[in-house]
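Enquirer: Dropping a structure here in structure tokens format, bear with me for questions.
The values are calculated or read from the model by the stated rules, or taken from the named source; none is laboratory data. This structure is a prediction, so every number in the text was calculated from the model and none was measured. Methodologically, a virtual Cβ is constructed for each residue, glycine included, from the backbone with ideal geometry; neighbour enumeration extends over all protein chains shown.
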Amino acid sequence: MKSHTRLLTVLDRMDNGPVMDEKDFDKLIAKTVRKLIKKYDLQYDRDDAILTSDEMADRFFAAGLELACTAGVYCTDTHVQMLFTEEEIRQALRWAPDQVTIGSGLDQCTIVSRRPEDPVVPKIVGGGFGAPIPEEWFSAVMESYAKEPVVDSIVGCNFYTAHGRTPKTRSPWEVLLAWREVELIKSAAQRAGRPGIGIGVVENAVSEIGELSASSYGGFPQEDWHHTCFVSELKTNYGLLIKVAHLVKTGCVIHSFYNSILGGYAGSAEGVAICSVAGILLECVVNMATTFSICPTHPFYNCDTAPELIWAASAAQQAVNRNTHLLTAVMTSPVSGPMTESLLYECATMATAATVSGTARIDGVRSAVGVEILHVTGLEARFNGEVAHAAAGLSRKDANEMICQFQKHYVPVLDKKPIGKSFLEAYDPIKVEPTPQWLEIYQKVKEDVAKIGLKLQY
């Protein structure tokens, strides 16, 4: 998968592909997506919470593959369209692993490829994925995720000081910020009794400088999962490709995420699904990733739990998981924050939809869409995991009915943005345990979810 030859090919295409104005590339995306929606007769039925048709999932895959071949990836630094043939894309898919082990020792976790309605339980990642946390509370927040038995690996939040100083991007301070993440998240794992747990890194790498520094000797090892991505829609740049080159040459596990934007050049829910499929296929070629996250974004709520995006993500997941053995993932990025019932219903929706759509891994929770300081806790990750365990093996038809009920509890409040309470109010920050009030809300929603039909086992 991490092929020296492939890396050379990718970098050659970065330099030597057709020169194109960025605005023309954006127009190409929008025009092609509209054409493909009609060509493949792709329709979002608002009465359904998720896609339930194998045949339409396969049409979404065909449309995404055609978009990938037509548009390729645009490099904003060279103004070049990086084009790949269908055979090159399919060859990369054949080479991609169908399982990967992250972490070390007793905390190792093996992620395996899944299919829609698969009885195998997806792996659970706990963490706020970039949510802002004061430096002094970062380790406690991360411990709240690591100490949950249902959580298989963790990923950091963002803290905005390093040793009490405010770092500047592309300065020596960014190096210290990244290394501070190494220190704090490893100490959290140690206190939780899980020193070898796999960690998603480097969350505090504002540019490639932080990634290259902390993903090196003495920092985050190869068996952690190292992040890169595309820029929406279907774009990359020197900074992202520098990360790729470094991670490929050092043999790291690479996680790549694709963030399509509803209402942008992708357009409708159908367009978001097509762009998400194309993005994952091209990230397999260009970023040579091991795991791939589909995480579309709503333009107003900034979440991925709005009904249109739940449906679009399920369509893209099913398209990829039915037609490849890629290790796909989803991000849980709800509008609501801790100590709200709506947060847990958003989690129930995403975890159920993703599980029955064949995701290999569920990430999160980035509560309050990751913008409110200290508004994340480990309890919502616990709930995500419990839901995934209960939903594994469900039919999409049954899951669809449940999700429609879950959505009634949070969709009416999306525009109100109920951010809830901070970690310091939802948890005892010294013992790193949820407060009785937060546990009471959690227990109530568990009981309500069970009445709807999803029997949580934990």
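Enquirer: So in the stretch 212-228, with the set limited to residues that are free of Cβ contacts under 8 Å to residues at least 40 places away in the same chain and within 18 Å of the chain's Cα centre (by Cα), which one is surrounded by the fewest Cβ atoms within 10 Å (Cβ to Cβ)? Steps first, please.
Expert: So in the stretch 212-228, the residues free of Cβ contacts under 8 Å to residues at least 40 places away in the same chain come out as 212-218, 220, 222, 226-227.
Those left that are additionally within 18 Å of the chain's Cα centre (by Cα): 226-227.
Working: 226: 27, 227: 22.
So the residue we want is 227.
Enquirer: Another question about this same structure. If you scan the stretch 111-138, which residues turn out to be assigned to a loop (DSSP other than H, G, I, E, B) and hydrophobic (A, V, I, L, M, F, W, C)?
Expert: The answer is 120, 121, 129, 131, 133.
Enquirer: With the requirement that a residue be in a helix (DSSP H, G or I) and of a type in the set (D, E, K, R), what does the stretch 342-372 give you?
Expert: Passing the criteria: only 346.
Enquirer: Next question. From the list 21, 48, 12, exactly one residue is among the charged types (D, E, K, R) and within 27 Å of the chain's Cα centre (by Cα). Which is it? I'd like the intermediate steps shown before the answer.
Expert: Details: 21 fails: within 27 Å of the chain's Cα centre (by Cα); 12 fails: within 27 Å of the chain's Cα centre (by Cα).
Step by step, each of 21, 48, 12 is checked, and only 48 is among the charged types (D, E, K, R) and within 27 Å of the chain's Cα centre (by Cα).
Enquirer: Do you know which residues across the stretch 419-457 are modelled with pLDDT of 95 or more, more than 20 Å from residue 127 (Cα to Cα) and either among the basic types (Lys, Arg) or part of a loop (DSSP other than H, G, I, E, B) (or both)?
Expert: Across the stretch 419-457, the qualifying residues are 444, 446, 451, 453, 454.
Enquirer: Within the set of pairs 6+ apart or on separate chains, which have a first residue in the stretch 62-73 that is over 12 Å from residue 28 (Cβ atoms), a second that is crowded, with 24+ Cβ neighbours inside 10 Å and of a type in the set (Gly, Ala, Ser), and C-beta atoms under 8 Å apart?
Expert: The qualifying pairs are 64/273; 64/276; 64/278; 64/316; 64/319; 65/278; 68/278.
Enquirer: Take residue 153 and decide whether it is among the polar types (S, T, N, Q), under 30 Å from residue 281 (Cβ atoms) and free of Cβ contacts under 8 Å to residues at least 40 places away in the same chain.
Expert: Taking the combined requirement at face value, the residue does not satisfy it.
Enquirer: Please give the number of the condition residue 84 fails out of (1) modelled with pLDDT of 95 or more; (2) under 23 Å from residue 194 (Cα atoms); (3) surrounded by 15 or more Cβ atoms within 10 Å (Cβ to Cβ).
Expert: It is condition (2) that residue 84 fails.
Enquirer: State which residue is farthest from residue 91 (Cα to Cα) when the search covers only the stretch 37-69 and only residues that are crowded, with 24+ Cβ neighbours inside 10 Å and aliphatic (A, V, I, L, M).
Expert: Once the filter is applied, the top-ranked residue is 49.
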